[in-house]
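A short write-up of the structure that comes next.
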């Protein structure tokens, strides 16, 4: 095993020569048998879980179709086995949903996935992908009569995008400044030499990442951004860049807002000081095959409507994650959390045309990432999972659906006990004729009352990462209400 | 543009004179709830004193797209309150849609299938921002577009005409009444498309369809009353220590029924016109005209929400339903503090005192003449308030705001009298964080705007103090470097595509550095000149020395008698000027508005 000093020398020299990093990968893999990372893929807008993971047994499908209309003018998908048509609505052209068989049978139910996520069907069948069913923000175990009869067990601000995004990531509404990803890292940060890179976003400021000690670092999909030209000059002068850095990173007026802004500038420069020379190139590893990411086939997904191969911004973000993981040895990182995301999931309208391309991007990006991690020898070290502020309503508003609550999510990685659905899949039903669904899992409008909480979801991931039970109880105060079910067992 | 600026020496003399007078005469009056005539008297008594250059500059940072010689001169002459009154008196002008249609017609002459799109809207927004005399109205349009959000990301391409019309609508309402603003936002087809209540239909028990709740929720959460009950000072009311929600899911569903049956404007309310898609039923003005009600697609069952209801209708009356909904929202006690606090944040300071919010909210509730929702009164309250105007307050530890990137760019362009080579003010989207500004006008990633009013940056002093700093939500290690590099490029070369075909010699918008270039061999004078143009008052000696050292890092070859090194000298001059400007534009002194 190479010493850290030798690794650093390797990293610098190799990056300077632009060679592949296979030697370093091997060395890192040896020393990094201990390395673990969580990667959160946030789906902004509220992904419609009803069309993502489907129940295809007759009773479920009949209830689903009753609410969602038909494949032509409504928002329902076609049943398993339906041939894709050459023309017509997009749902007609996509063909039938893709059957999956979970390892644990669920009482005579059968299941399938949206036709545009075939690669997730493959990952599921290879047991690298698990589905967590009907998970959402809950104060504790809640049954329908609790919800209907009292407001005590109703989380506040349900249905509000920004607040529910915040609650999923942090347990608190908008204005909260620390999330469970960062809190996990607070206890793990001792494993990291360059602690600045413990919690990294490639998708904007996300409350999931900061903790008490843990600060979030923002990376661009293209990597760390260096101020000035690559030769270290601004307007032809290194002195100008030096002065510029000083002006940006310090304050003279010394008041709070100036200090806040200067602190971010300071971190920006400091990060490049460390990463700039060692960050592997776009084609220096299995994550990229072209120097221009916008035209790299590895980063392209097939649009389900036009069949064109298009740039996938989510895959590009994951490319940056992979490149950062490649230098974990040089940086001396034992544990990391990463945040990436994709917007556009708020399908109130034109859902047929909007949802399929988004799912195609998600599926392609996850497969691309799994392939890349495999080639990097990080198969078992990285667990990737989705989150979204809520699911959606079963009922249609004509060409879309409105905000829901419980949702289904994906967890992927070598350590994941894939090929199964975790949690009781909700029961679908019709209504009583007065707008109230008969199923105990369905609220009015067909929002899912979650059966499992975001806290349990987080705790399961945290436990895998190495966070102790006692810490989890502090980070997720409602976790104890779930008793022995605190760990959902998917990883 | 307004009359040419005074020559520099005369301007300085005038400023000195005004400075003496204001030193004796005190500051402009703070806003109070007295009748307008009383403050008129007070204002005219102080009018002779005008304002100092610093006071004028600060106001322009709050109420315009950037200070320049002519606006500074005007405010110094008439004072801040009078200038605000002048600005409020200037009438609205609808320009954005007509400009878009003209651009579209010109494009179609070349190719009948081609169309104008998003960039034409962005250009027209910048054109008004940079060159309009009614700077306050333009600035308020931008502020309103960040509250009543629609986005070119979704309302795009040929439908960008609707976004242009929407921006005109915000302009018409900027100095009007909030009730009208809320009504016009509700009925605009761009909003109908963006939040999907265009073509919204009633519940159908057969198919199970429910009305779309998108607009219904956001009109409450974002455009009028917010999520929790508020005190007049903007703080949350508490019950048992917890905030009190303003609405629940039943209210959302109830009010959603109100917003059914609206679709494209036209000469009839036929089915094909409602559903759109048939060119024979597409009125040419539908993108620029409010949606109309189609009774046959409007819910007639009772609609219950927010403690009120639209009673069952024997004959469907969509307009009557919306009237009740908008009236109910307008009258809610939350609106003054909810909208007032955001206007303060957009213009003046990110974390205003509750007392400041209350003074503004009070003016919203009653402008002094018994009128609720008077935007002129609200804007006067925001800008004339002591917390906006007083230097003593502005120097406070927690005062001010991080200027949004769009406003940094316009401040630079106005300060240096930038002109458009093509005359079309071509500025393209600049949304990339790593290489651009992380922001483009009217192009928010979602209805939640680029940043939330309640955003608190994590892990630092603002977090500990629970200070809201919205613009920090788009500020991070990537964006800060992206901004610095982007400005490095545009300060040197200009900004925007190189002409309409992007094949020209240089970017379309060109700043004028003539005066600065003339001072390039006198670095201290150059630095003073640049600071004067970009900052309200002289910064610290430390900043001056830093910028000076950077400028002097570019050595200036001495002039040869035969001028054989003229090019080298010109290059050195240019670099010195660019250096002084760039280093000021990336300084906290410039980025943080006080």
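When residues of the stretch B:392-423 are filtered for being buried (at least 19 other Cβ atoms within 10 Å of the Cβ) and closer than 18 Å to residue B:132 by Cβ, how many remain?
Final tally of qualifying residues: 13.
Look at the stretch A:401-424 and say how many of its residues are within 14 Å of another protein chain (Cβ to nearest Cβ) and assigned to a strand (DSSP E or B). It would help to see each step written out before you state the result.
Start the filter on the stretch A:401-424 by keeping residues that are within 14 Å of another protein chain (Cβ to nearest Cβ), which leaves A:401-405.
Among the residues that remain, those that are also assigned to a strand (DSSP E or B) are: A:403.
Result for the stretch A:401-424: 1.
Does the stretch B:566-575 contain at least one residue that is out of contact with any strand residue (DSSP E or B) (no Cβ under 7 Å at 6 or more places or on another chain), touching a residue at least 40 places away in the same chain (Cβ under 8 Å), over 30 Å from residue A:260 (Cα atoms) and surrounded by fewer than 16 Cβ atoms within 10 Å (Cβ to Cβ)?
Checked the stretch B:566-575: no residue is out of contact with any strand residue (DSSP E or B) (no Cβ under 7 Å at 6 or more places or on another chain), touching a residue at least 40 places away in the same chain (Cβ under 8 Å), over 30 Å from residue A:260 (Cα atoms) and surrounded by fewer than 16 Cβ atoms within 10 Å (Cβ to Cβ).
Could you check residue B:127 against (1) assigned to a helix (DSSP H, G or I); (2) over 18 Å from the mean Cα position of the chain (by Cα) and say which number it fails?
(2)
Of everything in the stretch A:254-274, what is at the interface with chain B (Cβ under 7 Å from one of its Cβ atoms), under 22 Å from residue B:541 (Cα atoms) and in a helix (DSSP H, G or I)? Give them in sequence order.
A:256, A:257, A:258, A:259, A:260, A:261, A:262, A:263, A:265
Applying the selection to the stretch A:114-127, what residues are crowded, with 24+ Cβ neighbours inside 10 Å and in contact with a strand residue (DSSP E or B) (Cβ under 7 Å, 6 or more places away or on another chain)?
Within the stretch A:114-127, A:115, A:120, A:124 meet the criteria.
Picking from A:284, A:322, which residue would you name as being in contact (Cβ under 8 Å) with a residue 12 or more places away in the chain, in a loop (DSSP other than H, G, I, E, B) and buried (at least 19 other Cβ atoms within 10 Å of the Cβ)?
A:284
Tell me the residue from B:139, B:217, B:199 that is buried (at least 22 other Cβ atoms within 10 Å of the Cβ), within 14 Å of chain A (Cβ to nearest Cβ) and touching a residue at least 60 places away in the same chain (Cβ under 8 Å), please.
B:199
Quick test of your reading of the structure: residue B:455 fulfils all but one of (1) within 12 Å of chain A (Cβ to nearest Cβ); (2) in contact with a helix residue (DSSP H, G or I) (Cβ under 6 Å, 6 or more places away or on another chain); (3) in a loop (DSSP other than H, G, I, E, B); (4) over 20 Å from residue B:227 (Cβ atoms). Name the failing condition by number.
(4)
Taking the residues in the stretch B:537-548 that are facing another protein chain (nearest Cβ under 8 Å) and crowded, with 16+ Cβ neighbours inside 10 Å as candidates, determine which candidate is nearest to residue B:575 (Cα to Cα).
B:547
Please enumerate the residues belonging to the stretch A:186-201 that are closer than 26 Å to residue B:446 by Cβ and either in a helix (DSSP H, G or I) or facing chain B (nearest Cβ under 9 Å) (or both). First the steps, then the outcome.
Residues of the stretch A:186-201 closer than 26 Å to residue B:446 by Cβ: A:199-201.
Listed by number, the list holds a single entry, A:201.
Only residues that are within 7 Å of chain B (Cβ to nearest Cβ), under 15 Å from residue B:592 (Cβ atoms) and part of a helix (DSSP H, G or I): list them for the stretch A:243-253, please. Give the steps one after another, and end with the answer.
Applying the first criterion (within 7 Å of chain B (Cβ to nearest Cβ)) to the stretch A:243-253 yields A:243-244, A:246-248, A:251-253.
From what's left, under 15 Å from residue B:592 (Cβ atoms): A:247-248, A:251-253.
Hits for the stretch A:243-253 are A:247, A:248.
Evaluate the following for residue A:209: is it in contact (Cβ under 8 Å) with a residue 40 or more places away in the chain, within 9 Å of chain B (Cβ to nearest Cβ), within 21 Å of residue B:448 (Cβ to Cβ) and more than 15 Å from the chain's Cα centre (by Cα)?
no
Among the residues of the stretch A:133-158, count how many are touching a residue at least 60 places away in the same chain (Cβ under 8 Å) and touching a helix residue (DSSP H, G or I) at 6+ places or on another chain (Cβ under 6 Å).
Residues that pass the stated criteria total 3.
For the stretch A:356-389, give me each residue that is over 19 Å from residue A:121 (Cβ atoms) and part of a strand (DSSP E or B).
Listed by number, the residues that qualify are A:382, A:383, A:387, A:388.
Mind counting the residues in the stretch B:468-505 that are within 7 Å of chain A (Cβ to nearest Cβ) and assigned to a loop (DSSP other than H, G, I, E, B)?
The number of residues fulfilling the criteria is 3.
Take the stretch A:222-238 and flag every residue that is at positive phi and surrounded by fewer than 20 Cβ atoms within 10 Å (Cβ to Cβ). Before the answer, list the steps.
Here is the first cut: in the stretch A:222-238, the ones at positive phi are A:223, A:228, A:232, A:235-236.
Passing the criteria: A:232, A:236.
Among the candidates A:479, A:438, which residue alone is free of Cβ contacts under 8 Å to residues at least 40 places away in the same chain and within 14 Å of chain B (Cβ to nearest Cβ)?
A:438
Give just the number: which of (1) buried (at least 21 other Cβ atoms within 10 Å of the Cβ); (2) more than 8 Å from chain B (Cβ to nearest Cβ) does residue A:219 not satisfy?
That leaves (2) as the condition not met.
Out of the stretch B:223-273, which residues are part of a loop (DSSP other than H, G, I, E, B), without any contact (Cβ under 8 Å) to a residue 40 or more places away in the chain, under 26 Å from residue B:301 (Cβ atoms) and away from chain A (no Cβ under 13 Å)?
Those that are part of a loop (DSSP other than H, G, I, E, B), without any contact (Cβ under 8 Å) to a residue 40 or more places away in the chain, under 26 Å from residue B:301 (Cβ atoms) and away from chain A (no Cβ under 13 Å): B:268, B:269, B:270.
Can you tell me which of A:346, A:353 is part of a loop (DSSP other than H, G, I, E, B) and within 14 Å of chain B (Cβ to nearest Cβ)?
When all the criteria are applied, what remains is A:346.
Could you pull out the residue among B:396, B:423, B:370 that is out of contact with any helix residue (DSSP H, G or I) (no Cβ under 8 Å at 6 or more places or on another chain), at pLDDT below 95 and either over 30 Å from residue B:196 (Cα atoms) or outside any helix (DSSP H, G or I) (or both)?
Within the list B:396, B:423, B:370, the selection yields B:396.
The values are calculated or read from the model by the stated rules, or taken from the named source; none is laboratory data. Nothing here was measured: the structure is a model prediction, and the numbers come from that model. Glycine also receives a Cβ, built like all others from the backbone with ideal geometry; neighbour counts cover every protein chain displayed.
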